[in-house]
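Engineer: Okay, here's the structure, questions in a sec.
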Amino acid sequence: MDNIYEIIKNEKRRKILVLLTKKEIKVGEIVKETKLSQPQVSMILKELRDLKLVECKVEGKERIYKINMIMLNSFIKIINEFIKKLGQVYDDEIIVRR
């Protein structure tokens, strides 16, 4: 999951992830919606597949992508734990400053 932070910080990757949270979507639709080139979209989808954040199924000549909810939920859990720890750090800092 370490590489996931690099994926998330990129705006183009986030656009694709947001689209995939709404529905299963074909590569051509992702290109159209994001206004990215097909090679860019394919490269990003490969990165997301390698991280197991997205799943792909083939229907004829089309590839259809969707979010891997198990991995997304794992990522959300990590982020929530980070936010909780960050809040504790600020709480401790506030107490020390008083």
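The values are calculated or read from the model by the stated rules, or taken from the named source; none is laboratory data. Quantities reported herein were computed from a predicted structural model and do not represent experimental measurements. Because the Cβ atoms are built from the backbone with ideal geometry, glycine has one as well, and the counts that use them run over all protein chains shown.
Engineer: If I filter the stretch 36-80 down to residues being of a type in the set (Asp, Glu) and out of contact with any strand residue (DSSP E or B) (no Cβ under 9 Å at 6 or more places or on another chain), which single residue comes out as surrounded by the fewest Cβ atoms within 10 Å (Cβ to Cβ)?
Structural biologist: Looking at residues that are of a type in the set (Asp, Glu) and out of contact with any strand residue (DSSP E or B) (no Cβ under 9 Å at 6 or more places or on another chain), I get Asp50.
Engineer: What pairs come up if the first residue lies in the stretch 23-41 and is closer than 12 Å to Arg13 by Cα, the second is in a strand (DSSP E or B) and not polar (S, T, N, Q), and their beta carbons are under 8 Å apart, counting only those six or more places apart or on different chains?
Structural biologist: Sorted first by the residue in the stretch 23-41, then by its partner, the pairs are Ile30/Tyr65.
Engineer: Right, something else. Looking only at the stretch 49-92, which residues are at pLDDT 90 or above and hydroxyl-bearing (Ser, Thr, Tyr)?
Structural biologist: Residue satisfying the conditions is Tyr65 alone.
Engineer: Here is a list: Glu81, Glu55. Which entry is part of a helix (DSSP H, G or I) and over 10 Å from the mean Cα position of the chain (by Cα)?
Structural biologist: Going through Glu81, Glu55 in turn, the sole match is Glu81.
Engineer: A further question on this structure: Just the residues that are modelled with pLDDT of 90 or more and touching a strand residue (DSSP E or B) at 6+ places or on another chain (Cβ under 7 Å), please, taken from the stretch 1-35.
Structural biologist: Leu19, Leu20, Glu24, Ile25, Lys26, Val27
Engineer: List every residue pair whose Cβ atoms sit under 9 Å apart, with the two residues 6 or more apart in sequence or on different chains, where the first one lies in the stretch 74-98 and is of a type in the set (Phe, Trp, Tyr) and the second, anywhere, is in a helix (DSSP H, G or I) and modelled with pLDDT of 60 or more.
Structural biologist: Here the result reads Phe75/Ile4; Phe75/Ile8, each pair linking the stretch 74-98 to a residue that is in a helix (DSSP H, G or I) and modelled with pLDDT of 60 or more.
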